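These notes concern the structure reproduced below.
The values are calculated or read from the model by the stated rules, or taken from the named source; none is laboratory data. Just so you know, these numbers come straight off a predicted model, no measurement behind them. When we count neighbours, we look across all protein chains shown, and the Cβ atoms used for this are built from the backbone with ideal geometry, even at glycine.
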Amino acid sequence: MMPHWLDNFLFTYQSLVYSLGVNALLALAMYVVLAVGQLALGQAAFMGVGAYASALLTVKLGAPFPIALLASMAAPALLAFVIGAPTLRLSGVYLAIATIGLGEVLRILYLNWDFAGGALGLNGIPEKAGFVWIFGTLIVALVAFVFVSRSRIGRAMEAIRADEAAAGVMGVNLPAYKLAALVASAAIAGLAGAFNAHVSSFIGPNDYGFDQAVTILSFALLGGVGSPFGPVLGALVLTALPEVLRPLHDYRLVIDGLIIVCVVIFLPTGILPWRIGRIGARK
Amino acid sequence: MLVRRQFNLLAAAGLGALAFAGPSAVTLARAADPVTIGAVEILTGPNNKYGIAIKNGFDLALDEVNKAGGVLGRPLAIAYEDSAGNKDQAINAVRKLIGAQNVPLILGPTLSNEMFAAGPVANERKVPIVGTSTTANGITAMGPYVFRTSLPEADVVPVTLKTAQQKFGIKKVAVMYANDDAFSKSGYDVMKAALEKLGIETLTTETFGTKDSDFSAQMTKVKSVNPDAIVVSALVEPAAGVLLAKKALGIPASVHVIGGNGLNSPKIGEIAGDAADGTIVGSPWFIGKQDPTNQKFVAAYKAKYGSDPDQFSAQAYDTLFIVAEAIKAAGAPDSEKIKDALIKVKHTGVLGPFSFTPNRDPADTSGVAVLEMKAGKFGLLQ
């Protein structure tokens, strides 16, 4: 039996703790594409696809949660694979605009799709995702990222980010790496969307638009994109701040903004700018 | 060095935060052991006009309850939390009020969307949560601890349409609604059902987006079918745009626009000017109601805040009295007892007679007033 105060404490901060995990996963999804130098902002859209795919399965069809999770990764990954070929020919802000457009297209689709609740969204989603699911996934993902960045693939990704043309000349298969990064990003974001839907009981078409896309980008930029730990830290800070500052009442958002501005001015490369050392690297 | 300076800056910001938090925490501890209930409203951000109006209504009623001796021999107090109009923050606020402050009852949240997210949390913890401004369908179906004192659109809209039908002999209408937000869509569903029930023919149904600014295409279509009236479900800004388009296309004023709760705002007249004249809405309350309770409320509100109350303040004002009565009847600040007492409360306030249905919705629709806009102001439909 848990002591009463601990029970109350966990109850109070439960959904904040869940958001920390979900947002950290979204930050990782952002990191994957930034790691190959692609400013693709489709993570919010992919998160929405994952959320809707899984919630429709559990709410409308009564599917088991693990199946819904698989669908939440497969559906956005497939979408990323299909749209990857045309969009990855774009670069820089053009890619960013195209991927934001994807989010808008999907939003209009959900609005006019009555089976998925239309503008009313889906409510009554069962609370299936918990602490173990969310943070277990986050840890597995982080470990995988560390291994990847210390491997041949990681070095290829770093080469693409540093100088795309040079990397291509050195024999790095640019289209394959970029597409793989986009698909991986979509799968992670979709999974985060499924977790979010299954802890907050309600999703709506307007939850995955431009605002959310920019929020996810800001996780990565605030934390720094040198290593996967940077974006995760950025997500933790940006998610926790508004709640930590709650005692300030009216001044809450002012101080929240002020702290973010200070970090951006004084730490322009993010809170954690360092890279992960490679095996056998000479100091 | 540079790094250390940055940390100092952060530390300074943190200390500043503590200094801000200090005074309010101290006053809370010093007050004479009040019965504290929670309230989650939009106090910051673009929709805070709703939350502030509601808070003003609560505070005004709170003064009166405490002047009359409070509840259970103790003063009543409200712990406010801001949701900023965000459903995740609404959940966090409800969790904090229940888990950290142990409130026996929660008022709010402001929007139906927030209630859909936060309601199940309170319900799971068996703490009554009372919405004062949530009008969407399905709110109270979330569980036995979810109440609301605001008349749902499903109760107000049929009264509005029926009154307009009798008054103007309306037989065929055009329907327009914003299909990209939950409030407008839910209002449209109610209108569609009510129109069918009243035997009014719908000639065409046109949709638009809440952030659209040009409605001439839809309005041209509406004009071509020549309806007796236009039924609109939208928030204030797009609704005002619809009214302006109606005037611009020369649809005569005798074709009334009949709106849902979104059009029930003085802002509609401010934005659309004389194009808004003739707009008909149903409202659970209106400022010119002639009974003494209401006149006293309006005068007290003006004296305290220097502005006119709106329907949200009025609903909040009545709700606090209803909740205070329930706490008195429960005999203890205990969630379970308050829940059982709440369902039995009968109260006559500024909205008229009030009681709950067994499904925890308001039972009485006799307070619904059908209003018509004339020269920028809503008055009773004559």
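For the reader, a short list of remarks on this structure follows.
- Of the candidates B:238, B:252, B:227, B:266, the single residue that is modelled with pLDDT of 95 or more and not assigned by TED's automatic domain parsing to the domain that holds residue B:53 is B:227.
- Of the residues making up the range B:115-162, those that are at pLDDT below 90 and at positive phi number 1.
- Here residue A:269 clears all of (1) within 14 Å of chain B (Cβ to nearest Cβ); (2) assigned to a helix (DSSP H, G or I); (3) among the hydroxyl-bearing types (Ser, Thr, Tyr) except the condition numbered (2).
- Looking only at residues in the range A:58-78 that are more than 14 Å from residue A:195 (Cα to Cα) and under 16 Å from the mean Cα position of the chain (by Cα), the one that is surrounded by the most Cβ atoms within 10 Å (Cβ to Cβ) is A:76.
- Among the residues listed as A:174, A:233, the single one being aliphatic (A, V, I, L, M) and within 19 Å of the chain's Cα centre (by Cα): A:233
- Taken over the range A:234-244, the criterion of being within 14 Å of chain B (Cβ to nearest Cβ) and over 17 Å from residue A:15 (Cβ atoms) is satisfied by A:237 alone.
- The set of residues in the range A:178-198 that are surrounded by fewer than 24 Cβ atoms within 10 Å (Cβ to Cβ) and either under 13 Å from residue A:69 (Cα atoms) or β-branched (Val, Ile, Thr) (or both) comprises A:183, A:187.
Here's the yes/no breakdown for (1) touching a Gly at 6+ places or on another chain (Cβ under 7 Å); (2) not in a helix (DSSP H, G or I):
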site	(1), (2)
A:153	no, no
A:177	no, no
A:221	yes, no
A:227	no, yes
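- Lone unmet requirement of (1) exposed (fewer than 14 other Cβ atoms within 10 Å of the Cβ); (2) of a type in the set (A, V, I, L, M, F, W, C); (3) not in a loop (DSSP other than H, G, I, E, B) for residue B:314: (1)
- Being part of a helix (DSSP H, G or I), in contact with a Ser or Thr (Cβ under 6 Å, 6 or more places away or on another chain) and within 26 Å of residue A:111 (Cβ to Cβ) holds for only one residue in B:245, B:239, B:272, and it is B:245.
- Cβ separations smaller than 6 Å between residues 6+ apart or across chains give the following pairs from the range B:84-95 residues that are more than 9 Å from every other protein chain (Cβ to nearest Cβ) to residues that are in a loop (DSSP other than H, G, I, E, B): B:85/B:42; B:85/B:45; B:85/B:47; B:90/B:83; B:90/B:109.
- Whichever residue in the range A:163-175 is assigned to a helix (DSSP H, G or I) and in contact (Cβ under 8 Å) with a residue 12 or more places away in the chain and, among such residues, is farthest from residue A:141 (Cα to Cα): A:164
- Look at (1) surrounded by fewer than 16 Cβ atoms within 10 Å (Cβ to Cβ); (2) at pLDDT 90 or above; (3) hydrophobic (A, V, I, L, M, F, W, C) and you find that residue A:162 fails only one, number (2).
- Apart from one condition, residue A:211 fits all of (1) away from chain B (no Cβ under 11 Å); (2) of a type outside the set (S, T, N, Q); (3) in a helix (DSSP H, G or I); the exception is (1).
- Helices (runs of 4 or more DSSP H) wholly inside the range B:106-199 containing at least 3 residues that are within 14 Å of chain A (Cβ to nearest Cβ): B:112-124, B:182-198
- Looking only at the range B:155-187, and only at residues there that are without any contact (Cβ under 8 Å) to a residue 60 or more places away in the chain and acidic (Asp, Glu), the one that is surrounded by the most Cβ atoms within 10 Å (Cβ to Cβ): B:181
- Residue within the range B:15-37 that is away from chain A (no Cβ under 14 Å), within 22 Å of residue B:315 (Cβ to Cβ), at pLDDT 50 or above and in a helix (DSSP H, G or I) present: no
- Test for residue B:260: is it exposed (fewer than 15 other Cβ atoms within 10 Å of the Cβ) and either among the basic types (Lys, Arg) or modelled with pLDDT under 95 (or both): no
- Residue within the range B:356-371 that is among the aromatic types (Phe, Trp, Tyr), within 25 Å of residue B:124 (Cβ to Cβ), touching a helix residue (DSSP H, G or I) at 6+ places or on another chain (Cβ under 9 Å) and in contact (Cβ under 8 Å) with a residue 24 or more places away in the chain present: yes
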